[in-house]
Amino acid sequence: MAHNIFKGLGIALVTPFTSDGQVDYISLKRLVDYQINNGADFFCILATTGETPTLTSEEKSRIKELVVNTVQGRLPILMGCGGNNTAAVVEELRTGDFKGVDGVLSVCPYYNKPSQEGLYQHFKAIAEATKLPVVLYNVPGRTGVNLKAETTVRLARDCQNIVAIKEASGSLEQVDEIIKNKPRDFDVISGDDALTYPMVACGAVGVISVIGNALPREFSKMLRLEMKGEFEGALKIHHRFTDLFSLLFVDGNPAGVKAMLSEMGFIENVLRLPLVPTRLTTLQRISELIKELL
């Protein structure tokens, strides 16, 4: 079985835009450098937090190239490659440019609500279409379908290059069931910043984090302490973040973290429709919390 290298603090990378709505490649490079220098362990690019559905194929290609060239092999890169048309995802995996990418993150098919058998066959076809390690992504709140623990474990056992799952079902019971029954070389990664502390306590190996875009040093410190068994110190950091967790997602993702990064001077507070920036009240509260945290 392939080995999972996506552990610790993964950054679910945002896509900065200029005030006129173009991709801001200069700010993106600065952000990547900042995260590398402040505790990031790997990057997750061109996924939900990157507003990927609103990017053109040319923009996606340039973003991927910029991140690969900036990272220079220092950290692993996981790239989003998923959808609700299995044949199209398989075709992209067979013909796309994955140079410099260390693995693919593939989301559960959304909108068409397949059965568990449909999900199994979809991910099996994806695993067979690439030699790269595959990380499954379960996020029922976005896709309308839950990849059940037994299906996850079945895929982990049957497909050598399915190495991990980004689990964002919000169910610690489901996380526990996967961890209890999974093969030894298969890992669970938190897909929810607020649940990272309890998930790592259950046996998850890290997080693909939204808040890590803005506060990588603080969040990676929590993870490192917890993974060394220093639960008390890690819990203190987790509790410092709890108000921020809810604020970051109250107006949708990545609106909260973009507001935060804008307050910190990294990017413009611009999103592409159908997403819009956070409400002013949320922005003011985020601004107050940043001053307390930094």
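The values are calculated or read from the model by the stated rules, or taken from the named source; none is laboratory data. What you are looking at is a predicted structure, and each value in this text was computed from that prediction instead of being measured. Heads up, the Cβs are rebuilt from the backbone with ideal geometry, glycines too, and the neighbour counts pull from every protein chain shown. For accessibility, only protein heavy atoms count, side chains too; no ligands or nucleic acids. Shrake-Rupley method; radii C 1.70, N 1.55, O 1.52, S 1.80 Å.
Structure notes:
- A count restricted to segment 248-288 and to residues that are over 21 Å from Leu28 (Cβ atoms) and among the basic types (Lys, Arg) stands at 2.
- Residues that are assigned to a loop (DSSP other than H, G, I, E, B), among the polar types (S, T, N, Q), in contact (Cβ under 8 Å) with a residue 12 or more places away in the chain and surrounded by fewer than 17 Cβ atoms within 10 Å (Cβ to Cβ) do not occur anywhere in segment 43-66.
- Exactly one residue among Val139, Val163, Val210, Val188 is free of Cβ contacts under 8 Å to residues at least 40 places away in the same chain and β-branched (Val, Ile, Thr), and that residue is Val188.
- Restricting segment 147-173 to residues that are hydroxyl-bearing (Ser, Thr, Tyr) and touching a Leu at 6+ places or on another chain (Cβ under 7 Å), the residue that is surrounded by the fewest Cβ atoms within 10 Å (Cβ to Cβ) is Thr151.
- Residue in segment 106-140 that is least open to solvent (accessible area, probe 1.4 Å), counting only those that are closer than 14 Å to Gln160 by Cβ and basic (Lys, Arg): Lys124
- Some residue of segment 242-265 being in contact with a strand residue (DSSP E or B) (Cβ under 9 Å, 6 or more places away or on another chain), surrounded by 14 or more Cβ atoms within 10 Å (Cβ to Cβ) and small (Gly, Ala, Ser): no
- Contact map, segment 2-24: first residue in contact (Cβ under 8 Å) with a residue 12 or more places away in the chain and farther than 21 Å from Ile165 by Cα, second residue of a type in the set (Ser, Thr, Tyr) and not in a loop (DSSP other than H, G, I, E, B), Cβ cut-off under 8 Å, separation 6 or more or different chains; pairs are Thr15/Thr52; Pro16/Ser27.
- Among the numbered conditions (1) in contact with a helix residue (DSSP H, G or I) (Cβ under 6 Å, 6 or more places away or on another chain); (2) surrounded by fewer than 19 Cβ atoms within 10 Å (Cβ to Cβ), the only one that Thr95 does not meet is (1).
- Restricting segment 25-42 to residues that are touching a residue at least 12 places away in the same chain (Cβ under 8 Å) and either under 16 Å from Asp192 (Cα atoms) or among the hydrophobic types (A, V, I, L, M, F, W, C) (or both), the residue that is most open to solvent (accessible area, probe 1.4 Å): Ile36
- Of the residues Ser246, Ser220, the single one that is touching a Leu at 6+ places or on another chain (Cβ under 6 Å) and either closer than 15 Å to Leu293 by Cβ or not acidic (Asp, Glu) (or both) is Ser220.
- Of all the criteria given as (1) over 25 Å from Leu78 (Cα atoms); (2) open to solvent by less than 30 Å² (accessible area, probe 1.4 Å), the one not satisfied by His239 is (2).
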